[in-house]
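First comes the structure, then the notes that go with it.
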Amino acid sequence: MLDKEKQDLSKYRLSTALDLLEVSKVNIDVDAKSSVNRSYYAIYTAMRAVLALDGYDAKKHSGIISEFRKLYIKTSVFDVRFSVIIHDLFTIRNECDYEDFYIVSKEDARTQLTNAEEFVHAINNYLTEKFN
């Protein structure tokens, strides 16, 4: 049985990840950069939702990503393609947020949103099974 505090934190983070996906969808036609940012944070928060069950958190994004890959991708809990999604969204989000003249197309933002949806829904399914 899961520790109640860990489970509550995981559920909260999962709910936040799902909300971030919705914000990404709203932003897609208004501001592609904002949509990419919200898509990235949706997967980041989803990873933190899973890691909450292990009692793990980190101050740096690289720590969360590394631990998630080690515990959940390298062990085949999640398909290796999720590692590519993490890498791509992390990279494009950094470019959108920190490169002055970087322009992301709506098409690229839609691709990242689709990837984020796949990722978060896989996490949602995994956690739903864990909670039952």
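The values are calculated or read from the model by the stated rules, or taken from the named source; none is laboratory data. Just so it is clear, the model here is predicted, and its values are computed rather than measured. In this analysis, Cβ positions are derived from the backbone assuming ideal geometry, glycine residues included, and neighbour counts consider all displayed protein chains. In case anyone asks, the SASA skips ligands and DNA or RNA and just uses the protein heavy atoms, side chains included. Shrake-Rupley method; radii C 1.70, N 1.55, O 1.52, S 1.80 Å.
Worth pointing out:
- Enumeration of residues in region 1-48 that are open to solvent by less than 40 Å² (accessible area, probe 1.4 Å), farther than 18 Å from residue 112 by Cα and either of a type outside the set (S, T, N, Q) or outside any helix (DSSP H, G or I) (or both): 13, 14
- Qualifying positions in region 49-74 - in a loop (DSSP other than H, G, I, E, B) and not aliphatic (A, V, I, L, M): 54, 55, 56, 57, 59, 60, 74
- Pair list, Cβ under 7 Å, 6 or more apart: region 52-67 residue on the phi < 0 side of the Ramachandran plot, other residue among the hydrophobic types (A, V, I, L, M, F, W, C) and assigned to a loop (DSSP other than H, G, I, E, B): 53/2; 64/58; 67/58
- Test: residue in region 53-61 that is within 14 Å of the chain's Cα centre (by Cα), at pLDDT 95 or above and not hydrophobic (A, V, I, L, M, F, W, C): yes
- Residue in region 113-124 that is in contact (Cβ under 8 Å) with a residue 60 or more places away in the chain, closer than 15 Å to residue 24 by Cβ, in contact with a helix residue (DSSP H, G or I) (Cβ under 7 Å, 6 or more places away or on another chain) and part of a loop (DSSP other than H, G, I, E, B) present: no
- Filter result for residue 104 (over 21 Å from residue 34 (Cα atoms), surrounded by 13 or more Cβ atoms within 10 Å (Cβ to Cβ) and modelled with pLDDT of 95 or more): no
- When residue 89 is tested against (1) out of contact with any Lys or Arg (no Cβ under 7 Å at 6 or more places or on another chain); (2) open to solvent by 20 Å² or more (accessible area, probe 1.4 Å); (3) closer than 19 Å to residue 124 by Cβ, just one condition goes unmet, and that condition is (2).
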